[in-house]
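Coordinate-derived values only; no laboratory data. What you are looking at is a predicted structure, and each value in this text was computed from that prediction instead of being measured. Quick reminder, even Gly has a Cβ in these numbers, built from the backbone with ideal geometry, and neighbours come from all protein chains shown.
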Amino acid sequence: MARLDAFLKNTGLFKARTQARRACDEGRVLMDGEAARGSRIVHVGARLLVETADHRVEAEVLDVPERPVARSRRASYLSELRREPLARVVLSFDDEP
């Protein structure tokens, strides 16, 4: 069994557990359709909807790793059902590139 914030970090959706916990606290992580705290226990078959800095990812938990997983093995723990980029908000057109 693993906490949600650790799972999100170990499967590479977030670089740090603190980022994952913050996303949970801000309501940017849903598990099985409900807002999920970082301390919630992840189970096989759970459906996740995660909003990262750049993407919104919908995925299903296939297995729960106890430690960080190599990028090449992440697909055996998390099945991405959909990944879509988040629209960038333009704050000002006055800034020169």
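For mean projected area of the Cα convex hull in nm², computed directly from the structure shown, the correct entry in (1) 5.8; (2) 7.2; (3) 6.5 is (2).
Residues whose amide H falls under 5 Å from that of residue 56, counting only those 5 or more places apart or on a different chain, are 84, 86, with hydrogens built in the peptide plane. Label positions at residue 35 and residue 1, each projected 7 Å from the Cα along the C-beta direction, are separated by 2.4 nm. Less than 5 angstrom separates the built amide H of residue 46 from those of 61, all sequence-distant by 5 or more or on a different chain. Basic side chains Lys and Arg get +1 at the Cβ, acidic Asp and Glu get -1 at the Cβ, and with that the dipole of the stretch 2-85 about its Cα centre reaches some 360 debye. Judged by the mean number of other Cβ atoms found within 10 Å, the most tightly packed of the peptides 64-72, 1-9, 18-26 leads the ranking 1-9, 18-26, 64-72.
Quickly estimate the mean residue ellipticity at 222 nm for the chain, helices only: each DSSP H run with n ≥ 4 gives -39500 (n - 2.57), and the total goes over all residues, rounded to 500. Mind dumping the intermediate values first?
On the way: 2 runs with 16 residues, N = 97.
It comes out at -4500 deg cm²/dmol, rounded to the nearest 500.
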